[in-house]
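A.B. asks: Submitted below is the structure of interest, expressed as C-alpha cells.
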Amino acid sequence: MKKRYRVRITLSGYLLIGLTLVVALAGVNTGNNLLYLSASALLALMTLSGLASWLNLSRVKVELEPPPEIFAGLPALFRVHLRGPFWPCFFLRVRTPYGETLVPWFRGKRTVSLWLRFPRRGTGRLSFLELVSGYPLGFFRRTRFLESNLALTVYPRPQSGPLRIVALEVGETGASLSGSAETEPEDLVGLEPFREGTPASRIAWKASAARGELLVKLFRGSSGSRIVLDLRPPISEELVSRATEVVLRSLREGKSVGLKLPEREIPPGMGNDHRRILLEALAYV
C-alpha cells in the first residue's frame with residue numbers, strides 16, 4: 001500500500017502543542033531558563049509518546065479467520081489472530097470497513113473475536129485492515145494499514161415469507177405438490193437409500209440390517225421429500241432471501257433440496273457440500 005502509517009492529532013494533542021508553543025515563546029521573550037527546560041520537557045514528552053506509539057504497532061501481525069458461512073446483513077463472527085513482539089502492546093483497535101474490535105493488551109500471541117456485518121450478498125472484499133492505537137497518552141492516534149486481499153462469499157440474508165414457486169415431490173411414488181414447502185409430517189410411505197446429511201433418527205435400523213445397507217424412513221411431506229425451488233425472472237432480493245430461508249430450513253429438516261435458476265439447474269441433494277453449492281448459487285444469482 002502507498003501509505004502504511006497515518007498520524008492524527010487528538011484534542012488533547014492540540015492542547016499539548018499549544019502549551020508547548022506558549023512556554024517556548026515565553027522562554028524566548030523572558031530568557032527564563034526554567035521556561036526553556038519546561039519547553040524542552042514538553043517536546044521530549046511528544047517525542048517519546050510518538051516513539052512508544054510506533055513501537056506499539058510496528059511489530060504486530062494480524063490474520064483474519066472467517067467463519068464457515070456469512071449472510072448479508074447479519075453479524076458474522078471472525079477470529080483475529082494477533083502476533084506481536086516480546087514486549088506488551090496496549091489499546092489496539094483492529095478496524096475494517098464492516099466493523100472493529102478493541103484489544104486492551106496482549107503480548108506474544110492472542111486471538112480475539114471480531115463481528116463483521118456485510119450489507120450485500122455476493123463477493124465481500126477486505127482489501128486492508130487498520131491497526132489503530134492512541135497509546136500511550138492519547139495525544140496522537142496512530143494508524144497502521146495492513147494489506148488483507150481477502151475475498152469472501154456472502155450468502156443472501158434468510159427471510160421468512162411466502163414463496164410462490166415451489167415444487168415438492170414425495171418419495172418414489174411420483175406424487176407432487178405445488179405451493180408452500182411447509183408441509184407437516186404425515187404417514188410413512190416407504191424406505192429409501194441413506195443420503196449424506198440425513199438425521200440418524202430417521203434410519204430404519206431393522207430394515208437396514210435385513211437388507212445389508214442403510215435405509216431411511218420416507219414420510220409424506222417431511223424428511224423424505226425432495227424440494228425443487230424454481231426461481232424465474234424477475235428475481236428480486238426479497239425472493240432470493242425467502243428462497244434462502246426455505247433452503248436452510250428444509251435441509252435442517254432432512255429434506256433433499258434443488259434449485260432451478262435462469263441459467264443453471266441444481267438437482268436435489270443433501271449434506272454440507274450441497275448446502276454450500278445451493279447458497280453460493282443464490283449468492284450470485
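The values are calculated or read from the model by the stated rules, or taken from the named source; none is laboratory data. None of these values were measured; they are calculated from a predicted model. Glycine also receives a Cβ, built like all others from the backbone with ideal geometry; neighbour counts cover every protein chain displayed. Remember, those area values only see protein heavy atoms, side chains included, never the ligands or the DNA or RNA. Shrake-Rupley method; radii C 1.70, N 1.55, O 1.52, S 1.80 Å.
A.B. asks: Rank 136, 91, 12 by how far each Cα sits towards the positive end of the charge dipole of region 11-136 (+1 on Lys, Arg Cβ; -1 on Asp, Glu Cβ) and give me just the farthest.
C.D. replies: Comparing the listed Cα positions along the dipole, 91 ranks first.
A.B. asks: Among 118, 105, 82, pick out the residue whose Cα is farthest towards the positive end of the charge dipole of region 74-125, where Lys and Arg carry +1 and Asp and Glu carry -1 on C-beta, about the Cα centre.
C.D. replies: Going by the Cα projections, it comes out as 118.
A.B. asks: Something else now. Starting from the Cα of residue 29, step 7 Å along the direction of its Cβ; do the same at residue 203; then give the gap between the two resulting points in nm.
C.D. replies: It is 9.0 nm.
A.B. asks: Got a sec to turn the phi values of region 97-107 into Karplus ³J(HN,Hα) couplings, 6.51 cos²θ - 1.76 cosθ + 1.60 with θ = phi - 60°, whole Hz, x for Gly and Pro?
C.D. replies: With the stated coefficients, region 97-107 comes to x, 10, x, 8, 9, 10, 10, x, 6, 6, 9 Hz.
A.B. asks: Starting from the Cα gyration tensor of region 27-143, take the square roots of the eigenvalues, sort them a ≥ b ≥ c, and report rounded, prolate or oblate (rounded when a/c is under 1.5, otherwise prolate if a/b is larger than b/c, else oblate).
C.D. replies: prolate
A.B. asks: Here's another thing I want to ask about it. Got a number for carbon plus sulfur as a percent of region 31-134's accessible area, 1.4 Å probe?
C.D. replies: Values: 3420 of 5780 Å².
Taking all protein chains in place, region 31-134 shows 59 percent carbon and sulfur surface.
A.B. asks: Return the Cα extents of region 223-285 along principal axes one, two and three, sorted largest first, each rounded to a whole Å.
C.D. replies: 31, 20, 18
A.B. asks: Multiply the residue separation of residue 232 and residue 12 by 0.36 nm, subtract the distance between their alpha-carbon atoms, and state the gained length in nm to one decimal.
C.D. replies: Computed gain between residue 232 and residue 12 is 73.2 nm.
A.B. asks: Taking a ≥ b ≥ c as the square roots of the eigenvalues of the Cα gyration tensor of region 23-90, is the shape rounded (a/c under 1.5), prolate (a/b larger than b/c) or oblate?
C.D. replies: Here region 23-90 falls in the prolate category.
A.B. asks: Hey, what's the Cα Rg ratio for region 71-122 versus the globular rule of thumb, 2.2 N^0.38 Å?
C.D. replies: 1.32
A.B. asks: Using unit Cβ charges (K, R positive; D, E negative) and no other charged atoms, how large, in debye to the nearest 20, is the dipole of region 1-114 about its Cα centre?
C.D. replies: 340 debye
A.B. asks: Which whole-number value in Å² is the accessible area per residue of region 63-158, probe 1.4 Å? Intermediate values should be presented prior to the final figure.
C.D. replies: Values: 5010 Å² over 96 residues.
Heavy-atom SASA per residue in region 63-158 reads 52 Å².
A.B. asks: List the residues of region 81-100 whose backbone N lies under 20 Å from a point placed 7 Å from the Cα of residue 5 along the Cα-to-Cβ direction.
C.D. replies: Under cut-off, by backbone N: 83-95.
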